[in-house]
Amino acid sequence: MTGTSDRFNAFLDVPQAPVLNAETGSLARLRLAVKDIYDVAGYKTGCGNPAKAASAETATRTAPAIQILLDAGARFAGKTQTDELAFSLMGQNAHFPHPINSAAPNRVTGGSSSGSAAAVAGKLADIAIGSDTGGSIRAPASFCGLIGLRTTHGLISLDGAMRLAPSLDTFGWFARDIDAYETVAKLLIGEDAHGCELTRPVALDWLDGLPTGPDEAAEYQRMRRHTEAALGPVVKTAPLSFSSDELYWCFRKVQAFEAWQEHGAWIASGDRGLGPGVKERFEFGATISASDYAAEIERRDAFRHELGVLLDADGILVLPTVPGAAPLASGSHDELLAYRERALMLLCLSGLSGFPQVTLPIGTVDGAPFGLSLLGPAGSDLALIHLGRRVLDAAGTKG
């Protein structure tokens, strides 16, 4: 199972099975694509690895969160490719033709929700389900000019999904317009449990230095101005107690340790044909001791508390989603790795805290999309989407 079935290499070329959906509902007539780490009844869940797909049983039950959308009228469009075992950020699975980013065809789609992002950007689906452990909703959304939300950790069920790093894994989805995005959010989240308006935009000084060059920095400042027009002045805050390097390594170690606990026994039991990058990340996880992991969990808890105090109930952290436009698909391994490391310094803030973050397609660099993000307190997912609508309106973007 290493083929795709469309011009953007988004959907897997696998035997098709009927997937029932309601005839009416708030998502009626909308096409739904599903990342191949989620169970859909009648399909195998291949997780981007041929050995995993070959041994998988056909699912008899659809993941509950996916079923909610089908019951609201969404029409299943197919399974989308994922980076191998969902452990990458570039969308270049060694076992599949790489997905094509229709918004910037010479650049990567991002991963691991690569096929889902490609399907929505290419207008082959209206909604596509992905997941976000290290940035796999936010980075592809930014790269492909889409809306994407990393949800509050644990808010939406991941039953029926492959686990990568359970204390970091979250459910997510892509859409081109904010109306469809909000409709899905209301179905999956229900009522806004946060109960407080987000009225206080804030920024951290060191985040301003993460865009990769002067053009990216200038575009980020332009996006900030649109945000201020919608939400009010962005106030610089005092530095956090943690450096970007400390948070980066905290995230890397927690993710890699948990990933090895989930998949290490299976990987070690035979030749699984892991592709470059993925293989090394799992090997890194095998070297992390339980005591090192415990120390990083303690660091993460302290960071989560500090960021929670900074945001309180009404704060919104404004930041670039990633360092700039998507890397070139022809980039070398070292170039892609350098971008990944820089991106994770931004992406890890939501991952480590468990707080929600929405990325909005309001910027461009070198003719390619570049997203701006709003990060809010735990449970403020719906409030962030509402604010996102205001920012999109201020930017004149048809999101």
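The values are calculated or read from the model by the stated rules, or taken from the named source; none is laboratory data. Everything numeric in this text was worked out from a predicted model, so none of it was measured. Neighbour counts run over all protein chains shown; Cβ positions are idealised from the backbone, glycine included. Accessible surface areas use protein heavy atoms only, side chains included; no ligands, DNA or RNA. Shrake-Rupley method; radii C 1.70, N 1.55, O 1.52, S 1.80 Å.
Rolling a 1.4 Å probe over the protein heavy atoms gives the range 229-326 an accessible area of 43 Å² per residue. In units of the rule-of-thumb radius 2.2 N^0.38 Å, the chain shows an alpha carbon radius of gyration of 0.90. Its relative contact order, with pairs defined as Cα atoms under 8 Å and 6+ residues apart, puts the range 28-114 at 30 percent.
Quick one: in the range 31-189, what % of C-alpha pairs are over 19 Å apart?
46 percent
Each other residue within a Cβ distance under 12 Å of residue 4 adds +1 if Lys or Arg and -1 if Asp or Glu, for a net charge of -1.
Structural descriptor for the chain: relative contact order 19 percent, calculated from alpha carbon pairs under 8 angstrom and at least 6 residues apart. Among residues other than residue 215 whose Cβ falls under 11 Å from its Cβ, what is the net charge (Lys/Arg +1, Asp/Glu -1)? Computed value for this residue: -2.
Dividing the mean sequence gap of close Cα pairs (under 8 Å, 6+ apart) by how many residues the range 31-189 holds gives a relative contact order of 23 percent. Residue 43 sits among other residues whose Cβ lies under 14 Å from its own Cβ, and their net charge, with Lys and Arg +1 and Asp and Glu -1, is +1. Total lysine pairs in the chain at Cα distances under 26 Å, for residues eight or more apart or on different chains: 22.
Here the label points at residue 309 and residue 289, each 7 Å from Cα along the C-beta direction, are separated by 3.1 nm in the simple model. Ordering of 77-85, 107-115 by packing is 107-115, 77-85, highest average first (other Cβ atoms within 10 Å, averaged per residue). For residue 14, the amide hydrogen comes within under 5 Å of no other amide hydrogen, counting only partners 5 or more places away or on other chains and with H modelled in the peptide plane.
Note the full-extension length gain between residue 338 and residue 221 as 0.36 nm times their separation in residues minus their Cα-Cα distance, in nm to one decimal.
In short, 39.8 nm is gained.
The packing ranking of peptides 363-374, 133-144, highest mean first, is 133-144, 363-374, where packing means the average number of other beta carbon atoms within 10 angstrom of each residue.
Amide H to amide H, with H built 1.01 Å from N, residue 76 comes under 5 Å of 32, counting only residues 5 or more places away or on other chains.
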